[in-house]
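See structure below.
The values are calculated or read from the model by the stated rules, or taken from the named source; none is laboratory data. These numbers come from a predicted model, not from an experiment. Cβ placement follows ideal geometry from the backbone for every residue including glycine, while neighbour counts extend to all protein chains displayed.
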Amino acid sequence: MAGSTPASPTADGLALPAVMRARSNSPWAEAWRRFRRHKLAMAGAVVLALITILVLFGPLFWQVAINDIDFTARLKGPSWRHPFGTDDLGQDLFARMLYGGRISLAVGLAAMMIAVGVGTLVGAIAGISGGKVDAVLMWFTALFLSLPQLPLLLLIIYLFRDVLKGIAGPEVGMFVLIVAVIGGFRWMPVARLVRAQFFSLREKEFVEAARALGATTTRTVTRHILPNSLGPVIVAGTIDVAAAIIAESTLSFLGLGFPPDIPTWGRILFDAKDYMDIATHWALFPGGAIFVTVLAITYIGDGLRDALDPRQVL
Amino acid sequence: MSEPLLRIKDLVKRFPVKGGLLGGVVDHVHAVDGVSFELAPGETLGLVGESGCGKSTTGRCILRLIEPTAGEIWFEGKDVTALEGDALRRLARDMQIIFQDPYASLNPRMTVGAIIGEALIIHGLAKPGSKQFDERVVQLLETVGLHPDHRRRYPHEFSGGQRQRIGIARALAVSPKLIVCDEPVSALDVSIQAQVINLLEDLQQQFGLTYLFIAHDLSVVEHISNRVAVMYLGRIVEIATSKDLYTRPKHPYTEALLSAVPIPDPTVTRKRVVLEGDVPSPIKPPTGCHFHTRCPIRDLPLCSTQAPVLKQCGDGQWVACHLRK
């Protein structure tokens, strides 16, 4: 606000006495104003933006091939030639991490979109239908919540890895599979959240007013209920990005993620584990990258929760 | 009286109460228990009673926002209870509602223009963004005393009274014939109440509107209504022109209500009728006359066994009491 307000508000008022201020604060603009007051969240946003820019445009400037093998420079610590050091084949870790970061972030975003999409759909249908449909869908959600996730994840990847690789190629096929399994196991909290929001919102007077105006159910949901239930969903979605990045690195660390030639952060960590004692830097850099990214996203989620909660006056 | 605009006959609404081990229906809340009245075109009927007596449920049943359990609702010769789908949605062009809480009744994520103009889009009266749409929204804003520039703002930027005006403009957008006013001023400051009441009266004159005015403030109702119906536990106990009801109430419950209205003059003394106890639960309403448990003039066992029906006892005054005729 400080930047846009004139130095003297009274002078402004005198200069434009009768003119109504045309500028209006939409709820989203209000939320953005509140978000900016959350220092940690803003720091998180800046860090995440930097990481994103780095992995997107970094390879344009750091033109070292990710599979450039150099046995004379095995397991070297950080230096000017190799800022993050090298691995056991003398490959440049900085280049590999810039490339892998793209995949890690993309997996996080895509898995979050699947989780939020499926969750919102299931929650919205349950929340607007109520009755038997709601009971069945919530039973289904509880079922998914009670599944032992990791063993099932491994099983699904074992079963479908080769099929998908055959259809879409090793890189895209694996990406689709990993995003689908991570997203497919994370939609349940979103579904419950959306359903609860729908239950409370559909009793609100403005929703009743829409029905009194003759609005169809579709219109009531898309124009009135859904936009007002998005706040908590966005917060949950942010946390989901962080959780998906961790889940991907877990899978990669177990050797079930992307193939070795696609160096996601989790995969680099997996490869580093055997040399932890002699080449600590190898594990520290990908681990640190995951840590910083997830922390930044979590703080952004924190800030969003405060900013999107209309009851909070800041 | 000419042909009524709206005729309600034996309207009943029971809400199921779920509970027990299996979550089955164990009981019913008898929110509206056989309500009948008529509304003439251009008239204002006040509907008063304590909280929970079924006033708002009655109003919402008329618009089919709540499905009535039984009874008939006739609007201009149409059976409202039989309408389905598109026909039911078209009913919205004839009947509208103004809500009590001006903070909960406007979508916080829509601009005022979008809120007011939504009905125009729903009923295909104007395309969003068209000149026609804009003109109608501006016209509606001016009708309710707001500035045309307000259409670009969001509800949270307005005061309670202004928000209620927005709600009124939204109801007027489809040019309805009947507006159910569900305690439209109860949530407002007294000074603002008068403004909104005056606005509603002006609009009635201007557009020939018919109001069903639900309230619990008797002085507000007296001011705006032609006739007043008093409800107690889901039933109408007395219905009369507002002059008759306020000067010579017949039903003991009406007497008690009126004696509770504060008189802004400390020197005036009058007989206070103080009722004992609380309103009985609408889950198990008393047998016979619902009011007999608290009635100062009851005649047992007659009052506790037979439910009194509304009987005419004078010109346009109807009362449901065994003892007052």
Consider B:GLY46 against the criteria (1) of a type outside the set (A, V, I, L, M, F, W, C); (2) in contact with a Phe, Trp or Tyr (Cβ under 6 Å, 6 or more places away or on another chain); (3) within 14 Å of chain A (Cβ to nearest Cβ): it satisfies all of them except one. Which criterion is unmet? (3)
Any residue in segment B:270-291 that is among the acidic types (Asp, Glu) sitting within a Cβ distance under 7 Å of a residue that is part of a loop (DSSP other than H, G, I, E, B)? List the pairs, counting only those 6 or more apart or interchain. B:GLU276/B:ARG294
Out of segment A:152-180, which residues are under 21 Å from the mean Cα position of the chain (by Cα) and touching a residue at least 60 places away in the same chain (Cβ under 8 Å)? A:LEU153, A:GLU171, A:MET174, A:PHE175, A:ILE178, A:VAL179, A:ALA180
Looking only at segment A:211-234, filter to residues that are crowded, with 20+ Cβ neighbours inside 10 Å and within 7 Å of chain B (Cβ to nearest Cβ); which one of those is farthest from A:GLY130 (Cα to Cα)? A:LEU213
Of the conditions (1) surrounded by fewer than 19 Cβ atoms within 10 Å (Cβ to Cβ); (2) at pLDDT 90 or above, B:GLY52 clears all except one; give me its number. (2)
Could you tell me which numbered condition B:PHE133 fails, if it satisfies all but one of (1) over 18 Å from B:GLY234 (Cα atoms); (2) among the aromatic types (Phe, Trp, Tyr); (3) in a strand (DSSP E or B)? (3)
Look at B:VAL261 and say whether it is under 20 Å from the mean Cα position of the chain (by Cα), in a loop (DSSP other than H, G, I, E, B) and of a type outside the set (D, E, K, R). yes
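For (1) more than 9 Å from chain A (Cβ to nearest Cβ); (2) at pLDDT below 90; (3) touching a strand residue (DSSP E or B) at 6+ places or on another chain (Cβ under 8 Å), each residue gets a yes or a no:
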site: B:CYS61; (1), (2), (3): yes, no, yes
site: B:ILE66; (1), (2), (3): yes, no, yes
site: B:GLY85; (1), (2), (3): yes, yes, no
site: B:ARG93; (1), (2), (3): no, no, no
Considering only segment A:16-33, I want to know if a residue exists there that is away from every other protein chain (no Cβ under 14 Å), under 27 Å from B:TYR154 (Cβ atoms) and modelled with pLDDT under 80. yes
Quick one: would you say B:GLU67 is touching a helix residue (DSSP H, G or I) at 6+ places or on another chain (Cβ under 8 Å), acidic (Asp, Glu) and surrounded by fewer than 17 Cβ atoms within 10 Å (Cβ to Cβ)? yes
Go through segment A:175-209 residue by residue and tally those that are more than 7 Å from every other protein chain (Cβ to nearest Cβ), of a type outside the set (D, E, K, R) and within 30 Å of B:GLU118 (Cβ to Cβ). 11
Residue check for B:SER51: more than 8 Å from chain A (Cβ to nearest Cβ), on the phi < 0 side of the Ramachandran plot, of a type outside the set (A, V, I, L, M) and touching a His at 6+ places or on another chain (Cβ under 8 Å): yes
What helices (runs of 4 or more DSSP H) completely inside segment B:140-258 contain at least 2 residues that are closer than 23 Å to B:GLY113 by Cβ? B:160-172, B:190-207
What pairs come up if the first residue lies in segment A:253-279 and is part of a loop (DSSP other than H, G, I, E, B), the second is at pLDDT 80 or above and surrounded by fewer than 14 Cβ atoms within 10 Å (Cβ to Cβ), and their beta carbons are under 8 Å apart, counting only those six or more places apart or on different chains? A:LEU256/A:TYR158
Could you give every pair whose Cβ atoms fall below 6 Å, whose first residue belongs to segment B:203-232 and is surrounded by fewer than 22 Cβ atoms within 10 Å (Cβ to Cβ), and whose second residue is in a helix (DSSP H, G or I) and not hydrophobic (A, V, I, L, M, F, W, C), counting only separations of at least 6 or pairs across chains? B:GLU222/B:SER242; B:GLU222/B:TYR246
What pairs come up if the first residue lies in segment B:100-125 and is more than 7 Å from every other protein chain (Cβ to nearest Cβ), the second is of a type in the set (Phe, Trp, Tyr) and not in a loop (DSSP other than H, G, I, E, B), and their beta carbons are under 7 Å apart, counting only those six or more places apart or on different chains? B:GLY117/B:PHE133; B:LEU120/B:PHE133
Condition broken by B:ARG89, with the remaining ones in (1) at pLDDT below 90; (2) surrounded by fewer than 16 Cβ atoms within 10 Å (Cβ to Cβ); (3) within 14 Å of another protein chain (Cβ to nearest Cβ) satisfied: (2)
Could you say whether any residue in segment B:130-137 is within 8 Å of chain A (Cβ to nearest Cβ), at pLDDT 90 or above and within 19 Å of B:GLN164 (Cα to Cα)? no
Quick check on segment B:3-16. Is at least one of its residues among the basic types (Lys, Arg), assigned to a loop (DSSP other than H, G, I, E, B) and under 23 Å from A:ALA212 (Cα atoms)? no
Members of segment B:94-117 found to be buried (at least 24 other Cβ atoms within 10 Å of the Cβ) and in a helix (DSSP H, G or I), listed by number: B:VAL112, B:ILE115, B:ILE116, B:GLY117
Looking at A:LEU256 and the list (1) in contact with a helix residue (DSSP H, G or I) (Cβ under 9 Å, 6 or more places away or on another chain); (2) within 14 Å of chain B (Cβ to nearest Cβ), which single condition is not satisfied? (2)
Conditions first: (1) in contact (Cβ under 8 Å) with a residue 40 or more places away in the chain; (2) crowded, with 17+ Cβ neighbours inside 10 Å; (3) out of contact with any helix residue (DSSP H, G or I) (no Cβ under 7 Å at 6 or more places or on another chain). B:CYS295 passes all but one, so which condition is the exception? (3)
When you go through (1) closer than 18 Å to B:TYR211 by Cα; (2) touching a residue at least 40 places away in the same chain (Cβ under 8 Å) one by one for B:ARG64, which number turns out not to apply? (2)
Selection from segment A:169-209 of residues touching a helix residue (DSSP H, G or I) at 6+ places or on another chain (Cβ under 6 Å) and more than 23 Å from A:THR120 (Cβ to Cβ) yields A:GLY173
Condition check: over 21 Å from the mean Cα position of the chain (by Cα) and surrounded by 20 or more Cβ atoms within 10 Å (Cβ to Cβ). Does A:ALA289 satisfy that? no
Do we find that B:GLU72 is in a strand (DSSP E or B), more than 10 Å from every other protein chain (Cβ to nearest Cβ), on the phi < 0 side of the Ramachandran plot and out of contact with any Gly (no Cβ under 8 Å at 6 or more places or on another chain) in this structure? yes
Within segment B:146-168, which residues are over 15 Å from B:GLN195 (Cα atoms) and of a type outside the set (Ser, Thr, Tyr)? B:HIS147, B:PRO148, B:ASP149, B:HIS150, B:ARG151, B:ARG152, B:ARG153, B:PRO155, B:HIS156, B:GLU157, B:PHE158
